[in-house]
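Remarks on the structure that follows.
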Amino acid sequence: MEKTTKPISGYVMVLIGLLLFFGAFASIGTGNAILAVIIGIVFIFVIPGFFIVEPNKAVVLLLFGAYKGSVKSNGFFWVNPFMKKQKISLRVRNFENKPMKVNDKIGNPVMIGTIVVWKVEDSYKAFFDVDDYENFVHLQADAAVRKMAGLYPYDNFEDEDAEVTLRSGVEDVNQSLETEISERLEHAGIKVIEARISHLAYASEIASAMLQRQQATAIVAARRRIVDGAVGMVEMALEDLKIKEIIEFDEEKKAAMVSNLMVVLCSDKSASPVLNVGTLHQ
């Protein structure tokens, strides 16, 4: 468990060091060589204990292998020179994972790239609970992406009951990814500030087929709307002709008119008018 400590101010020890330094010279001047040597040894012993803690950094203190605390306050300090001082950054960091191939819920291979923003929150766990916390972050982020991808389909073409998909449920998917990574990195004293998908696409081996399927679906949806609109227009035309008594059609002519109108309205090409010079029934 992390223990925050605040050592002796370095400025106080600088003053004491100067007193020792001048005291050694004074002892030499008075002919007390033994005292001068002792003061000199103490002065040399004091020097290695000084260290500086920069903003958003911490120093982990170890004394003969025992954890003695972490210094998170900025400034100039002094500790027992026998203590080992290990610096660790508390700054916010981020990395972008290159798109990697994973399988979605249905088993389709997809390429997912992620961005993770993180920082060290517990220096004790980061130093002593994992071997290399930076490598640990990268590996666990990859593992979390693979697990998250298996929870959702890429889209709902094959899974129509899916409420959340990788492509449409961006907020839910990112939240799921952030939660998964946070749980994995908690053991290393790492706080995940943000995790989100930066790249999402089908893998190259199925991308062409999936694109054709999406295009076909879009064409079918467009055609369905065109047909629905054409049926409504034909129905309105026949109703207006009947109400205004402009012309009366028998069932055969009504069917022919409906057929012609549907062809004109649903065709993807411009209609070519034909001039009828005979009677209506020719």
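The values are calculated or read from the model by the stated rules, or taken from the named source; none is laboratory data. These numbers were taken from a predicted model, which means no experiment stands behind them. Cβ: placed from backbone, ideal geometry, glycine included. Neighbour counts: every protein chain shown. What goes into the accessible areas is simple: the full protein's heavy atoms, side chains included, and nothing from ligands, DNA or RNA. Shrake-Rupley method; radii C 1.70, N 1.55, O 1.52, S 1.80 Å.
Set against the 2.2 N^0.38 Å expectation for a compact globular protein, region 94-196 has a Cα radius of gyration ratio of 1.14.
Measuring with a 1.4 angstrom probe and ignoring ligands and nucleic acids, Asp129 comes out at about 80 Å² accessible. Modelled spin-label separation between Asn32 and Arg224, with each label point placed 7 Å from Cα along the Cα-to-Cβ direction: 10.1 nm. Placing a label point 7 Å from the Cα of Ile88 along the Cα-to-Cβ direction, the residues of region 116-155 with a backbone N closer than 14 Å are 119-137.
For the pairs Lys57/Lys101; Lys87/Lys147; Lys72/Lys147; Lys3/Lys147; Lys85/Lys191; Lys6/Lys119, note any where the Cα-Cα span goes beyond 27 Å. Write out the running numbers ahead of the final one.
Details: Lys57/Lys101 36 Å; Lys87/Lys147 34 Å; Lys72/Lys147 35 Å; Lys3/Lys147 34 Å; Lys85/Lys191 23 Å; Lys6/Lys119 22 Å.
Where the Cα-Cα span goes over 27 Å, the pairs concerned are Lys57/Lys101; Lys87/Lys147; Lys72/Lys147; Lys3/Lys147.
Keeping the other protein chains in place, figure out the carbon and sulfur percent of the accessible area of region 8-88, with a 1.4 Å probe. Ligands and nucleic acids excluded, carbon and sulfur reach 75 percent.
Rg and Dmax over the alpha-carbon atoms of region 1-77 stand at 16.2, 52 Å.
Which order do Leu18, Leu261, Leu90 take by accessible area at a 1.4 Å probe, largest first?
Working: Leu18 85, Leu261 55, Leu90 30 Å².
Highest to lowest solvent-accessible surface, that is Leu18, Leu261, Leu90.
What FRET efficiency would be calculated for the residue pair Leu19, Asn80, taking the C-beta separation as r and a Förster radius of 22 Å, to the nearest 0.05?
Taking R0 as 22 Å, the efficiency between Leu19 and Asn80 is 0.70.
Legend: calculated FRET efficiency, Asn135 to Glu194, from the Cβ-Cβ distance at R0 = 25 Å, rounded to 0.05, equals 0.75. Per residue, the accessible area of region 93-204 comes to 52 Å² when a 1.4 Å probe rolls over the protein heavy atoms.
Could you give the length gained on full extension between Val12 and Leu238, defined as 0.36 nm per residue of separation minus the Cα-Cα distance, in nm? Display every interim value, and only then the final one.
Working: separation 226, 0.36 × 226 = 81.36 nm, distance 10.10 nm.
Net length gain for the segment: 71.3 nm.
With protein chains left intact and a 1.4 Å probe, residues in region 40-92 average 53 Å² of accessible area per residue.
Which value, in debye to the nearest 20, describes the size of the charge dipole of region 1-147 about its Cα centre when Lys and Arg Cβ atoms bear +1, Asp and Glu Cβ atoms bear -1, and nothing else is charged?
Computed charge dipole of region 1-147: roughly 200 debye.
With a simple spin-label model that places each label point 7 Å from the Cα along the Cα-to-Cβ direction, the separation between Asp172 and Asn56 comes to 3.5 nm.
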